[in-house]
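The values are calculated or read from the model by the stated rules, or taken from the named source; none is laboratory data. Just so it is clear, the structure is predicted and the values come from calculations on it, not from any experiment. Here Cβ is always computed from backbone atoms with ideal geometry, including for glycine, and neighbour counts include all displayed protein chains. Side chains are part of the model used for accessible areas, which takes the heavy atoms of the whole protein and leaves out ligands, DNA and RNA. Shrake-Rupley method; radii C 1.70, N 1.55, O 1.52, S 1.80 Å.
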Amino acid sequence: MTGISMRIVLAALMVGGTSASAAASATTSLRTSALPVEGMRDARELSEDFAWDDDFFSFNDNTLWTDYAINPKRCVEFNGQEVIVFSMYGGGHNNCARAQLGTYYAPVGDFVKGYTKQKDMDYNLQGNDYDVPDEVAYTTCTAAYGDDDGGSAVYLKLGCNDSTGKAIAMKAYEDSSCTEPKSNNYNIKNLGIDISDLRVKFETCQDCVYWPAGDDDAWKADVDDGFEAGHGYDSPMCGAAWKSKTKCNRKCQRLANKGASTYSYNAGFNAIGKFFLFVFTLSGIFLLLAVHSQRKRMATEDAVYEEALVQKVGMQMKHVVFGIMAIIVFTILFALLKAKFLTWFFLLGSNVILFGYWAYLRFRKEGKVEVGGFRLFGDNDGGIAA
């Protein structure tokens, strides 16, 4: 028996034996082999359009991908990074219905590189020609030049379609690291860049390895005598996703499972949001100083009465001070973490409470509080409303 034939038999035994074992244990450990297989390099070289990015695909991938499948779920912004969330499935997955190994995320650029190279390879295996779009170069931050801004450089990088979460989109940035987004009114279409051929099928179970079938068998034999043994290792899509993966935690999975209303977590504040964040922060500071000023003018009996009310609910005045400090700290913390809902909740809530308390202190002697002729507190007789 020749050396090539022996390798083919060994690979066949590995493929047949792994399907039964995968059902018994679905772990994140992928089956690997150090067996040098004839033809493996030939199959990978079917795609010549990625010579410009050989460094990315130079990682050592000795995983036998034959029984594995991947399901891209969403394209989202998570922790300040545009990523694609995906689930990986092992042998016996039954169209991604079981045998899930886990849910992960990978940078959009890395995922699209592998996905597009896989598409190119599969087209070649079917005897078709796939013209890899030049725009795949924008998987990394790349300078482009257009008529806007006098033809100055703008930096582009593939990211997520914010409106759907199920497509990729071109994003424009101010800097060469693609960390500072361009303003919302910047029109990328003026650059004439078309990424319509760069598509990722989301929420679709996809086998990691495509095998030619039927009449394509003759074509397989023409490639290399060891094609059957080596092709199971050829999955740029799953290899790139697995190489670049990070475990998708609960926050990440909640984001991936959300509807189309929002696809960003920690996406940050836009220009308008930052403006009102500054305005309400400033108003909060002035209201806090105004409350402090009014309290200094309180009569002794009013101060004693207020302290008695606080003690009635089981607290002391120092607890109120600590509570105010805690609200300030939490508001700043949520703003730094870009948790917008919690930031606005604490900031606006604090403004409303401080304004109400200031109005009470300011007009308590009159027994009523009026703003623009509208009575907020008190009754018509001048007494304090119950």
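Could you report the stretch 112-192's accessible area per residue, 1.4 Å probe, as an integer in Å²?
Ligands and nucleic acids excluded, the figure is 50 Å² per residue.
Please work out how many pairs of lysine residues in the stretch 52-210 are eight or more positions apart (or on different chains) and have Cα atoms closer than 22 angstrom.
Close lysine pairs found across the stretch 52-210: 28.
With a 1.4 Å probe and all protein chains kept in place, how much accessible area does LEU333 have, in Å² rounded to the nearest 10?
Accessible area, nearest 10 Å²: 80 Å².
Calculate, in nm to one decimal, what ARG362 and LEU289 gain on full extension: separation in residues at 0.36 nm each, minus their alpha carbon distance.
Taking 0.36 nm per residue and subtracting the Cα distance, the gain is 25.0 nm.
Set the Förster radius R0 to 45 Å, insert the Cβ-Cβ distance between ARG297 and LEU342 as r into 1/(1 + (r/R0)^6), and round the FRET efficiency to 0.05.
On the way: r = 34 Å, r/R0 = 0.76.
Approximately 0.85, to the nearest 0.05.
What length, rounded to one decimal in nm, is gained on full extension from SER183 through to ASP131, with 0.36 nm per residue of separation minus their alpha-carbon distance?
Answer, rounded to one decimal: 15.4 nm.
With labels modelled as points extended 7 Å from the Cα through the Cβ direction, what inter-label distance (nm, one decimal) is found for PHE330 paired with ASP55?
4.7 nm
Sorting PHE346, PHE276, PHE56, PHE322 by accessible area (1.4 Å probe), largest first, what list results?
Largest accessible area first, the residues go PHE322, PHE276, PHE346, PHE56.
What does the highest-first list of 205-211, 192-198 look like by mean Cβ count within 10 Å?
205-211, 192-198
Determine the gain in length on full extension of the stretch ILE272-ASP194; use 0.36 nm per residue of separation and subtract their C-alpha separation, reporting nm with one decimal.
Once the chain is fully extended between ILE272 and ASP194, it gains 25.1 nm.
May I ask you to evaluate 6.51 cos²θ - 1.76 cosθ + 1.60, the Karplus curve with θ = phi - 60°, for each residue of the stretch 294-311 and list the ³J(HN,Hα) values in order in whole Hz, giving x for glycine and proline?
Those phi angles translate into 5, 5, 5, 8, 5, 5, 4, 5, 5, 5, 5, 5, 5, 5, 5, 5, 5, 5 Hz.
In whole percent, and with a 1.4 Å probe on the protein chains, what portion of the accessible area of the stretch 105-187 is carbon and sulfur? Each step should come with its number before you reach the end.
On the way: 1450 of 3760 Å².
Carbon and sulfur together cover 39 percent of it.
Taking amide hydrogens as modeled 1.01 Å from N in the peptide plane, which residues meet the under 5 Å criterion relative to LYS182, leaving out close sequence neighbours?
For LYS182, the qualifying residues are ALA172, TYR173, GLU174.
Can you tell me what the convex hull of the Cα atoms of the stretch 262-335 projects to on average, as an area in nm²? Walk me through the numbers on the way to the answer.
Working: hull surface 27.8 nm².
Averaging across all directions leaves 6.9 nm² for the Cα convex hull.
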